[in-house]
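A short worksheet on the structure shown next.
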Amino acid sequence: MSSFQVKVVGDFCNIRCTYCRNRDFDQDTCVVMKVGTLEQVLDFLTSLPQKRIRTHWHGGEPLLAGKEFFDHIVRLQKAHPGISWANAVQTNAILIDDEWASFFRRHDFHVGVSVDGSKRTHNINRVNRAGSGTFSQVMDGVEVLRRNGVTLSVICTVTSKTAEYAEEMLCGLVDAGFKDIAFNVFYNTASRTGDDPHALTAAQWLSCLIELFESWLELNDAAVRVRELDGMLAWTRSKTANLCSYRGLCHQWFVVDYTGELYPCERFGRSMCFGRVDSLASFQELFASPPFLDWKTSISTLPRRCQSCGLQPLCHNGCVAHTASDSQGVPLYVYCESRIGFYRYVCSRLEGKERTDDATETGYVNPVAR
Ligand code: SF4
Ligand code: SF4
């Protein structure tokens with residue numbers, strides 16, 4: 001089933017996280033999607049064969065589009081009675097007030113907030129225009145959402161500056177009342193070089209995952225769900241994790257920019273455009289178009305190391321945006337070794353072996369990949 005991220009304000013944001021890709025774009029003018037474009041987007045989405053359409057309202061900071069814009073979303077969706085809409089919004093929560101919260105509750109929007117762990121780790125990277133940490137403002141917004149009964153999940157971005165505080169990040173989020181937690185590893189998907197000072201190495205990400213796993217075991221609270229751990233625990237039962245970066249289905253993710261242009265998954269930026277929602281007659285036309293078919297073929301061709309890897313059916317060369325080309329130009333998942341190492345680590349712990357603080361003891365280097 002296809003999923004859509006709609007960038008209602010393009011790349012504009014009200015804060016200035018030090019790792020954010022928006023740093024590279026104009027941050028002086030906030031341009032909001034026109035209502036006419038929104039109408040075209042929703043009409044286009046209804047050309048999909050599916051009757052349930054999942055839409056993630058994104059930015060920059062999507063709430064900068066304003067309450068009236070979100071009223072239009074709901075009003076226009078109701079004009080398509082045969083469709084069941086699943087709406088989600090990812091926000092830094094700073095603009096949240098009772099009116100926003102009650103809107104999300106009333107219209108059953110799933111709200112994801114971006115909080116990078118404890119107050120200390122969050123404030124390392126998530127700062128305002130003046131460079132001050134935003135944790136307190138974010139938690140004020142979270143409190144308003146909770147008071148209004150909104151169901152929340154949280155995304156915590158891990159950078160090279162915070163990776164060593166994995167336990168603090170997880171416990172900080174749990175202490176702040178979050179139960180549905182995801183950790184995003186930071187990799188600069190624009191440069192794809194790993195040179196970004198915030199990017200994690202495979203070894204750093206592996207150590208971070210191990211620390212998260214051990215901290216989660218220590219919490220001993222089944223109500224706390226950590227997406228990355230759930231994914232790996234599914235692997236140990238030979239099940240595919242319910243997460244795009246494990247499923248090899250990137251061609252089902254689309255982003256619609258505030259201009260109405262269609263691109264692959266948001267993580268790619270705008271390196272290729274499939275067309276505009278007002279020039280493509282339907283999704284069927286998009287799915288049959290040469291740019292889309294070329295893209296689909298390019299991402300489904302697995303590198304040689306994956307073809308001979310026992311974990312390939314569960315991994316599919318990871319996140320397509322988190323790749324670096326080898327000397328022959330073949331895109332390789334940069335966190336392959338973290339994945340294999342973590343798999344081995346979790347298996348050994350489930351077999352009752354003691355924890356080890358030395359990640360290399362898991363033999364995290366993929367022998368098949370050499
Ligand atoms: S590019 Fe990465 S984030 Fe995007 S759909 Fe693929 S795996 Fe998921
Ligand atoms: S070689 Fe690495 S990236 Fe490829 S399938 Fe195996 S674990 Fe995944």
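Listed residues 110, 80, 58; which is without any contact (Cβ under 8 Å) to a residue 60 or more places away in the chain and crowded, with 17+ Cβ neighbours inside 10 Å?
On inspection, the qualifying residue turns out to be 110.
So residue 272 clears everything in (1) among the aliphatic types (A, V, I, L, M); (2) more than 16 Å from ligand 2 (Cβ to nearest atom); (3) over 30 Å from residue 175 (Cα atoms); (4) more than 20 Å from the chain's Cα centre (by Cα) except one condition, right? Which one?
(4)
Of all residues being surrounded by fewer than 18 Cβ atoms within 10 Å (Cβ to Cβ) and closer than 27 Å to residue 35 by Cα in segment 236-260, which is nearest to the chain's Cα centre (by Cα)? Just the residue, please.
That would be 252.
Identify, please: which residue in segment 158-177 is surrounded by 21 or more Cβ atoms within 10 Å (Cβ to Cβ) and of a type outside the set (S, T, N, Q) and is, among those, nearest to residue 322 (Cα to Cα)?
As a first pass, look at segment 158-177 and keep what is surrounded by 21 or more Cβ atoms within 10 Å (Cβ to Cβ): 158-159, 162-163, 166, 169-170, 172-173.
If we keep only those that are of a type outside the set (S, T, N, Q) as well, we get 158, 163, 166, 169-170, 172-173.
Numbers: 158: 14, 163: 17, 166: 21, 169: 23, 170: 23, 172: 27, 173: 25 Å.
The residue in question is 158.
Go through the residues of segment 160-178 one by one and say whether even a single one is hydroxyl-bearing (Ser, Thr, Tyr), within 28 Å of residue 344 (Cβ to Cβ) and more than 19 Å from the chain's Cα centre (by Cα). Show your work before the answer.
As a first pass, look at segment 160-178 and keep what is hydroxyl-bearing (Ser, Thr, Tyr): 160, 162, 165.
Still in the running and within 28 Å of residue 344 (Cβ to Cβ): 160, 162, 165.
Next cut, more than 19 Å from the chain's Cα centre (by Cα) only: 165.
Within segment 160-178 (the criterion being hydroxyl-bearing (Ser, Thr, Tyr), within 28 Å of residue 344 (Cβ to Cβ) and more than 19 Å from the chain's Cα centre (by Cα)), the answer is yes, since at least one residue qualifies.
Does segment 228-235 include one or more residues that are surrounded by fewer than 21 Cβ atoms within 10 Å (Cβ to Cβ), within 16 Å of ligand 2 (Cβ to nearest atom) and of a type in the set (Phe, Trp, Tyr)?
Scanning segment 228-235 turns up at least one residue that is surrounded by fewer than 21 Cβ atoms within 10 Å (Cβ to Cβ), within 16 Å of ligand 2 (Cβ to nearest atom) and of a type in the set (Phe, Trp, Tyr).
Quick grid of which residues meet (1) free of Cβ contacts under 8 Å to residues at least 24 places away in the same chain; (2) of a type in the set (Asp, Glu):
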{"position": "105", "(1), (2)": "no, no"}
{"position": "118", "(1), (2)": "no, no"}
{"position": "123", "(1), (2)": "yes, no"}
{"position": "127", "(1), (2)": "no, no"}
{"position": "133", "(1), (2)": "yes, no"}
{"position": "143", "(1), (2)": "yes, yes"}
{"position": "150", "(1), (2)": "no, no"}
{"position": "158", "(1), (2)": "no, no"}
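Would you mind stating whether residue 258 is assigned to a strand (DSSP E or B) and closer than 23 Å to residue 189 by Cβ?
Considered against the rule, which asks whether it is assigned to a strand (DSSP E or B) and closer than 23 Å to residue 189 by Cβ, residue 258 comes out as no.
For segment 245-261, name all the residues that are more than 10 Å from ligand 1 (Cβ to nearest atom) and free of Cβ contacts under 8 Å to residues at least 60 places away in the same chain.
The one that is more than 10 Å from ligand 1 (Cβ to nearest atom) and free of Cβ contacts under 8 Å to residues at least 60 places away in the same chain: 261.
Could you tell me whether segment 69-80 includes any residue that is within 30 Å of residue 278 (Cβ to Cβ) and aromatic (Phe, Trp, Tyr)?
yes
If you take the residues of segment 312-370 that are of a type in the set (Lys, Arg) and over 27 Å from the mean Cα position of the chain (by Cα), which of them is modelled with the highest pLDDT?
349
State whether one or more residues within segment 265-277 are in contact (Cβ under 8 Å) with a residue 60 or more places away in the chain and either within 18 Å of residue 48 (Cβ to Cβ) or among the β-branched types (Val, Ile, Thr) (or both).
yes
Do we have any residue at all in segment 325-342 that's aromatic (Phe, Trp, Tyr), within 23 Å of residue 236 (Cβ to Cβ) and more than 16 Å from ligand 1 (Cβ to nearest atom)?
Within segment 325-342 (the criterion being aromatic (Phe, Trp, Tyr), within 23 Å of residue 236 (Cβ to Cβ) and more than 16 Å from ligand 1 (Cβ to nearest atom)), the answer is yes, since at least one residue qualifies.
Tell me, yes or no, whether segment 33-50 has at least one residue that is at pLDDT 95 or above, over 17 Å from the mean Cα position of the chain (by Cα), surrounded by fewer than 17 Cβ atoms within 10 Å (Cβ to Cβ) and under 22 Å from residue 150 (Cβ atoms).
No, segment 33-50 contains no residue that is at pLDDT 95 or above, over 17 Å from the mean Cα position of the chain (by Cα), surrounded by fewer than 17 Cβ atoms within 10 Å (Cβ to Cβ) and under 22 Å from residue 150 (Cβ atoms).
Taking the residues in segment 300-352 that are of a type in the set (Val, Ile, Thr) and farther than 16 Å from residue 228 by Cα as candidates, determine which candidate is surrounded by the fewest Cβ atoms within 10 Å (Cβ to Cβ). Lay out the reasoning, then the answer.
Quick first cut of segment 300-352, residues of a type in the set (Val, Ile, Thr) only: 301, 320, 323, 330, 334, 340, 346.
Pick out the ones that are also farther than 16 Å from residue 228 by Cα and you get 301, 320, 323, 330, 334.
Working: 301: 12, 320: 24, 323: 21, 330: 16, 334: 22.
Among those residues, the one meeting the criterion is 301.
Can you say whether residue 217 is modelled with pLDDT of 95 or more, away from ligand 2 (no atom under 16 Å from the Cβ), touching a helix residue (DSSP H, G or I) at 6+ places or on another chain (Cβ under 7 Å) and not in a strand (DSSP E or B), as far as the supplied structure shows?
In short, no.
For residues that are among the β-branched types (Val, Ile, Thr) and away from ligand 1 (no atom under 14 Å from the Cβ), tally how many sit in segment 301-320.
Qualifying residue count for the region: 1.
Exactly one condition in (1) modelled with pLDDT of 95 or more; (2) in a helix (DSSP H, G or I) is not met by residue 231; state its number.
Among (1) modelled with pLDDT of 95 or more; (2) in a helix (DSSP H, G or I), the lone unmet condition for residue 231 is (1).
The values are calculated or read from the model by the stated rules, or taken from the named source; none is laboratory data. Remember, predicted model here, so these are calculated numbers, not experimental data. Glycine gets a Cβ as well: all are built from the backbone with ideal geometry, and neighbour counts include every protein chain shown.
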